[in-house]
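Peer 1: Could you have a look at this structure, given as structure tokens, before my questions?
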Amino acid sequence: MKSPLLSLPGAVPAEGVDEGVAAHYGDLFREQRALADGAGFVDLSHRGVVAVTGEDRLSWLHLLLTQHVSELPAGEATEALILSAHGHIEHALYLVDDGTTVWAHVEPGTQEALIAYLESMKFFYRVEVADRTDDFAVVHLPAGSIAEVPDGAVVRETAYGRDLFLPRADLESFARKAGPAAGLLAYEALRVEHHRPRLGFETDHRTIPHELGWIGTAVHLQKGCYRGQETVARVQNLGKPPRRLVFLHLDGSDVHLPPHGTEIRVADEGEDGRKVGFVTTSVRHFELGPVALALVKRNIPADARLIAGETAAAQEVIVEP
């Protein structure tokens with residue numbers, strides 16, 4: 001779905017999964033600084049929007065999600081995962097309940113598969129699941145923003161800012177009032193700075209929640225009864241996830257950032273060294289310079305010097321080895 005905000009001055013379209021919104025509006029670092037200072041907004045209208053209504057919505061979702069939501073207070077934001085039977089991450093949902101409806105935004109294009117799964121699990125529960133992507137657009141306001149929230153918008157507030165489920169018809173009028181627009185590249189740079197994983201970027205077909213630090217934020221360890229829970233409990237008790245998420249400071253002399261999937265080797269092992277991981281997201285940050293998130297083998301020492309493709313990298317620990 002192509003955003004009307006691509007008509008704003010300087011807008012450069014994003015590519016790949018983020019196609020349909022702006023990557024930037026002509027000044028990547030200015031846009032990052034504005035967001036860090038609590039100004040502006042980010043157009044996330046390409047993301048999928050799913051709504052669950054009905055009096056059983058919270059108790060029903062509690063059985064399916066990794067998060068404890070059976071008593072989720074109205075207005076309180078949370079996030080949750082849906083796992084495979086083997087505990088691999090299939091969906092990531094960013095949730096809020098407004099008192100009558102659970103609203104979730106998800107990765108672009110994943111809402112159909114998510115809804116198909118949810119529909120298959122309804123059984124006798126009094127719930128209705130709907131794809132509201134055509135009707136509602138997601139907009140992000142950074143922490144500290146004083147932008148006015150329009151009537152009819154549902155607010156999901158976290159430590160990183162507010163996600164608005166905004167009637168799509170109001171998107172252009174909201175943009176005229178909300179301050180400078182910031183693109184996806186600015187939003188992603190701050191996401192990487194805050195070590196926040198993203199489905200499809202930090203995950204592959206075998207990723208489990210422990211590898212990404214999603215335990216506690218998206219996975220509640222005091223509940224069971226969801227698909228993949230046995231794997232979560234086993235890894236939690238043994239303490240040995242096969243990989244771990246790391247934050248990389250990249251050599252700033254390289255012109256190009258290592259793209260998603262770039263192989264990572266241990267620097268001391270030379271050019272023929274074994275592959276120990278891969279880059280998941282790399283960005284240029286307005287203060288930190290070129291940085292990245294990456295998945296590496298759990299037993300790689302935290303002080304090991306790494307090479308991402310041809311780029312030297314120093315790691316910071318996110319998930320303890």
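Coordinate-derived values only; no laboratory data. Since this is a predicted model, take the numbers as computed values, not measurements. Every residue, glycine as well, gets a Cβ built from its backbone with ideal geometry; the counts of neighbours run over all protein chains shown.
Peer 1: Quick one: compute the contact order of the chain, relative version, from alpha carbon pairs under 8 angstrom and 6+ residues apart, as a percent.
Peer 2: Relative contact order comes out at 18 percent.
Peer 1: Also: Given the chain, what count of lysine pairs have C-alpha atoms under 23 Å apart, with each pair 8 or more places apart or on different chains?
Peer 2: For the chain, qualifying lysine pairs total 6.
Peer 1: Another question about this same structure. Which of Leu238, Leu44, Leu58 has the fewest other C-beta atoms within 10 Å, and how do the rest follow up to the most?
Peer 2: Leu238, Leu58, Leu44
Peer 1: Filter the chymotrypsin sites (Phe, Trp or Tyr not before Pro) in the range 52-134 down to the DSSP loop ones having no more than 10 other Cβ atoms within 10 Å, then list what survives.
Peer 2: Counting only loop positions with at most 10 other Cβ atoms within 10 Å, the chymotrypsin sites (Phe, Trp or Tyr not before Pro) in the range 52-134 are Phe123, Phe124.
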